[in-house]
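Bear in mind that the values in this text are calculations on the coordinates, not laboratory data. What you see is a predicted model; the values in this text were computed from it and never measured. So basically every Cβ, Gly included, is an ideal-geometry build from the backbone, and we count neighbours across all protein chains shown.
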2 protein chains.
Amino acid sequence: MITVQVPEVVVLRLPLYVRALTQLADDGIEVVSSQQLGRRLQMTPAQIRKDLSYFGRFGKQGRGYKVEFLMRELGQILGLDRRWNTCLVGVGRLGRAIINYPGFAPEGFNILAALDSDLTQINTPVGDHLIVQPMGNLGAEIRRHEIVIAIVAVPAAQTQTVIDELVKSDIKGILNYAPVAPQVPMNVVLRNIDPVLSLQSMTYYLRDMLEGES
Amino acid sequence: MITVQVPEVVVLRLPLYVRALTQLADDGIEVVSSQQLGRRLQMTPAQIRKDLSYFGRFGKQGRGYKVEFLMRELGQILGLDRRWNTCLVGVGRLGRAIINYPGFAPEGFNILAALDSDLTQINTPVGDHLIVQPMGNLGAEIRRHEIVIAIVAVPAAQTQTVIDELVKSDIKGILNYAPVAPQVPMNVVLRNIDPVLSLQSMTYYLRDMLEGES
């Protein structure tokens, strides 16, 4: 089998496909054309067909895609058909919001450990059923719960140090909330919440609005 | 002139183009082909030509794009050629990290006011030159500094209330850090830091890694 490298931008779009398809399935729609899917996702039908073509042949020309089937297949490709054990590092205000965020568990992301270096936090309860643990327990917790992903919500100045510790403890994926760009080795997947990118794609619309006013 | 609706996914990619072009310009590269740009951005040349075609004709077939020119043009389209006055609502740990983040000002995003509802925070200094103000000053600060964008870093439970206040105060763009999905009217641009989308595009790579190990 020939493995084609899927461009990262395509991977970044896949969760949006799964969301749109889930919505369609919830609405009782069984078949969707690339035109209809394109309207939901603000993409051209050609782009949709091109993106999906990386992963196989999901539809027949002129017949549309089977919603449930495509949703399941893409979910499997993304690894959404399994549970991902995660830990949270940093249980300040943001960390506590993250642990109480109702969006993670239904999507298969379970936060099974919470850690902090702040001694006043350790042994306090957080979320529904966790106790904050000292950073010294990191490796043991990762092994015990087979944790693959860490969510990092520590102050900016501590972020690289914490991420280095996570890498040493064999974490595979890191979601970093601090507005900094830490370094990780090639075999670790890092996603930064990138506020500048978000702002820069926002001003495209704001510029039009402000010009419309003047 | 015919105005074409640019798909949102294209707009979301434009800042990545500007970043790649800035890097190329810094490296002293004057002309870039869609192939070269594609390698930097992990996109196909065809996709790049298609994206750029929404905004005019930037290159000649076989001649490549002029780096400086394309960078400036895209920057202008995105509104990156002007300064955007912003305020920060919520000066907890995350808010303070945001205000100290060195990435905003060079990109034209100036945080000119910081507000919080916590009485113990009010009148304390934050960042290099701001004083935390009470939420009652919101409208006045927005008018005084001609603030267009608000960055919201308040606890999840307060986010919708704060965003409603911002909308009433005529804010045009909101960058929300809380892991919730607030509602805004059609004429306000909202960008949520969406942790589930980030995680879901990460597991695509993690799944491969874990399978590679077993």
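Here are the numbers:
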item	result
Descending Cα extents along the principal axes, the protein assembly as shown, whole Å	60, 59, 50
Net +/- balance of residues flanking residue A:24 in space, Cβ distance below 11 Å, scoring K and R +1, D and E -1	-1
Cα centre as origin, Lys/Arg/Asp/Glu Cβ charges: chain B dipole, Debye	740 debye
Region A:84-196 - percent relative contact order, Cα under 8 Å, separation 6 or more	24 percent
Separation of the residue A:63 and residue B:53 label points, Cα + 7 Å toward Cβ, nm	2.9 nm
DSSP beta bridges in the protein assembly as shown [antiparallel fraction, %, rounded to 5]	20 percent
Region B:61-140: antiparallel DSSP beta bridges as a percent of all, rounded to 5	20 percent
Relative contact order %, region A:8-77, counting alpha carbon pairs below 8 Å whose residues are six or more apart	41 percent
Position residue B:161, label points 7 Å along Cα→Cβ, spacing to each other copy in nm (shortest first, one decimal)	3.5
Surrounding net charge for residue B:45, when Lys and Arg each add one and Asp and Glu each subtract one, Cβ distance under 12 Å	+3
Order by protection proxy (mean Cβ within 10 Å, highest first), peptides A:88-96, A:13-21	A:88-96, A:13-21
Label point 7 Å beyond Cα along the C-beta direction, distances from residue B:134 to other copies (nm, shortest first)	4.3
Gain upon complete extension [residue B:19, residue B:35; 0.36 nm per residue less C-alpha separation]	4.1 nm
Across the identical copies, how the residue A:119 labels are spaced - nm, sorted shortest first, 7 Å along Cα→Cβ	3.2
Antiparallel content of DSSP bridges confined to chain B, in %, to 5	20 percent
Proximal charge balance of residue B:126 [Cβ under 13 Å; K/R count +1, D/E count -1]	-1
Value of relative contact order over chain B, rounded to a whole percent, pairs C-alpha under 8 Å and six or more apart	13 percent
Shape call, region B:8-77: gyration tensor on alpha carbons, a/c limit 1.5	rounded
Global geometry of region B:84-196, whether rounded, prolate or oblate, following the gyration tensor of its Cα atoms and the 1.5 cut on a/c	rounded
Partner chain coverage, peptide B:8-20 - average Cβ within 10 angstrom	5
Kirkwood Rh in Å, taken over all unlike Cα pairs in chain B	19.7 Å
Loop GluC sites (Glu not before Pro), region A:108-214, which have at most 13 other Cβ atoms in a 10 Å radius of their Cβ (DSSP)	A:146
Global form of region B:147-210, assessed from the alpha-carbon gyration tensor, a/c cut-off 1.5	prolate
